[in-house]
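Data block below; observations after.
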Amino acid sequence: MIHLEMANAVYDQASLPDLLPLYYRRLFPFPQYYRWLNYGGVTKNYFQNREFSFTLKDDIYVRYQSFSTQSELEKEMQKMNPYKIDIGAIYSHRPNQHNTVKSGSFQALEKELVFDIDMTDYDDVRSCCSAADICPKCWPLMTIAIRILDRALREDFGFRHCLWVYSGRRGVHCWVCDEAARKLSVTARSAVAEYLSLVKGGDETVKKVVLTSPIHPFIRESLMVVEHYFTQYALLGQDIMSSKEATDKVLGLVPEDILFLSATCYWLSLLSVLKELLGDFKTEKNPEKRWGRLKTIAQIKSTTVKKGQYFDKEIMLQYCYPRLDVNVSKGLNHLLKSPFSVHPKTGRISVPIDLKELDCFDPFDVPTISQICEELDLPRMAGEEEPLEDTKESDKEPGEKRKMRDYKRTSLAKYVKLFDQFLEEMARSRKGELIKKSDLQKNF
């Protein structure tokens, strides 16, 4: 359950310059980070040709950073102490040498397929917050988005390695890390993004979802997710059928040829559907029953009209379906905020999300940089022992081992562990692919 109580140490934005050096020196998970972006070192210069960009104090933006090794990345980040880290594409040449490359030959070649879902894109359908604000009433929109998109990416497209990350403030990001996803062309990325996009139109568009018959299997699957959350989130949490203003907004999405149709059903006499509904709503204040009444009309009308027969489903999707920034997904050159970056406004760390515990994920519980730095200073409890080092950890240099132990003493530990599990799964998959290729070569 999401709660607003801030158990975290109070974050003061003014303290960020003092906290970042400590975070990058003792807490940032450099070994896992490098392991992720190096992808097993299978492709030559894969990590070296990756673009990083840093946002420094006073919004100084430094693009086209690149590093040869984990150690080089580590030293530079500890020197620059970026307020924000963005990750870009793998290029044909070292990004930090792009000015020395012949014009036109510096090209983005590969990048993870990424998705960016921002709560501000739902401002026309959420009543509790607006702009950068979030609360427990609107956060379920992110839960719904992850459920719908993750299922589609895995089942419809066959991807396996989807890393979902909380942005640190008002949204979520997805990094699809499969080799096939990283190699997708701009055209293919656009096709995937369009397939997953359902809510169309800007502020001037009233009706943003239009379904045609038969409903596509992907949309049917998405509706099952929306229906699971709709009552609790939309009817009770957002009160979309309670006040006159909210109810009128919903009725505004019902096609006119249905609302003003002279009804022939015995229970509607000769009144229009709209008049009948408004009459009902004067006495029936329960939002669930009001919605039930609207759905009943939808079911009856679906047998008598061809156009607009899915209006109840269209309303549910308009209020709940994920709203993608498709430009982020389409472009190879587009940068996206890095996991484990700190959000300067909130101080929260951009952490991986455990899909097994998705309904329990609480953005207000995500640790701030203040909290984890403060936890480092807490004395060990009596009888508390140093975490046992596994064989992989015991091979590390003393300084690196200390860092690994340091994050384990903080609230960041469970998120780094989750990241580790993601990397292990990718490594197993990569090993399996190599064995498969080796077996195929033997058969020839």
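The values are calculated or read from the model by the stated rules, or taken from the named source; none is laboratory data. Everything numeric in this text was worked out from a predicted model, so none of it was measured. Every residue, glycine as well, gets a Cβ built from its backbone with ideal geometry; the counts of neighbours run over all protein chains shown. For accessibility, only protein heavy atoms count, side chains too; no ligands or nucleic acids. Shrake-Rupley method; radii C 1.70, N 1.55, O 1.52, S 1.80 Å.
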Highest first, please rank the peptides 113-122, 203-212 by the mean number of other Cβ atoms sitting within 10 Å of their residues.
113-122, 203-212
Here region 189-200 yields Karplus 3J(HN,Hα) values (6.51, -1.76, 1.60; θ = phi - 60°; whole Hz; Gly and Pro given as x) of 4, 4, 5, 5, 4, 5, 4, 8, 8, 10, 8, 10
Cβ crowding within 10 Å averaged over residues, with 184-194, 167-177, 231-241, 366-376 ranked highest first
167-177, 366-376, 231-241, 184-194
Would you be so kind as to identify which of 90, 68, 300 lies farthest towards the positive end of the dipole of the chain, taking Lys and Arg as +1 and Asp and Glu as -1 on Cβ and the Cα centre as origin?
90
Heavy atoms only, 1.4 Å probe, whole protein assembly: order 43, 346 by accessible area, highest first.
43, 346
Sequence-distant or interchain residues sharing an amide H contact under 5 Å with residue 332, placed H: which?
none
Take the Cα pairs of the chain, get the Kirkwood Rh, then feed it into Stokes-Einstein at 10 °C and 1.306 mPa s and tell me D in µm²/s.
65 µm²/s
Over what distance in Å are the Cα centres of region 330-345 and region 153-213 separated?
16 Å
Taking the chain as the reference, fit the longest principal axis to its C-alpha atoms, fit the long axis of helix 217-230 to the helix C-alpha atoms, and give the angle between the two in degrees, 0 to 90, nearest 10.
80 degrees
How would 357, 425, 245 rank on accessible area, largest to smallest, probe 1.4 Å?
245, 357, 425
Send over the Kirkwood Rh of region 205-249, from the inverse of the averaged 1/r over different Cα pairs, rounded to one decimal Å.
12.3 Å
Excluding residues fewer than 8 places away in the same chain, name every one of the lysines whose C-alpha is closer than 21 Å to that of residue 75.
57, 84, 337, 396, 401, 403
Residue by residue, what Karplus-based ³J(HN,Hα) values in Hz, rounded to whole numbers, does region 48-62 have, using 6.51, -1.76 and 1.60 with θ = phi - 60° and x for Gly and Pro?
4, 9, 7, 8, 10, 10, 10, 9, 9, 4, 6, 6, 7, 10, 10
Angle in degrees between helix 140-151 and the longest Cα principal axis of the chain, rounded to the nearest 10
70 degrees
Helix 398-408 sits at what angle to the longest principal axis of the chain, using alpha carbons and giving 0 to 90 degrees rounded to 10?
20 degrees
For residue 89, the residues 5 or more places away or on another chain with a placed amide H closer than 5 Å to its own amide H are 51
Going down the table (345/414; 207/249; 44/431; 249/282), which pairs top 20 Å between alpha carbons?
345/414
Per residue, how much accessible surface does region 1-81 expose to a 1.4 Å probe? Answer in Å², no decimals.
50 Å²
State whether region 118-213 is rounded, prolate or oblate according to the following rule on the C-alpha gyration tensor (a ≥ b ≥ c being the square roots of its eigenvalues): a/c under 1.5 gives rounded; otherwise a/b larger than b/c gives prolate, and the remaining case gives oblate.
oblate
Karplus-derived 3J(HN,Hα) from phi for region 411-416 (6.51 cos²θ - 1.76 cosθ + 1.60, θ = phi - 60°), whole Hz, x at Gly and Pro, runs 5, 6, 3, 5, 6, 5
Mind putting together the pair-distance distribution for region 54-165? All Cα pairs, 10 Å bins, whole percent per bin, short to long.
11, 26, 30, 26, 7, 0
Of 213, 103, which has the most accessible area with a 1.4 Å probe, and how do the rest follow in descending order?
103, 213
Once Rh is set to the Kirkwood radius over Cα pairs, what Stokes-Einstein translational diffusion coefficient, in µm²/s, holds for region 280-375 at a temperature of 20 °C and a viscosity of 1.002 mPa s?
117 µm²/s
For the chain the mean separation of alpha carbon contacts under 8 Å (6+ apart) over residue count, i.e. relative contact order in percent, is 24 percent
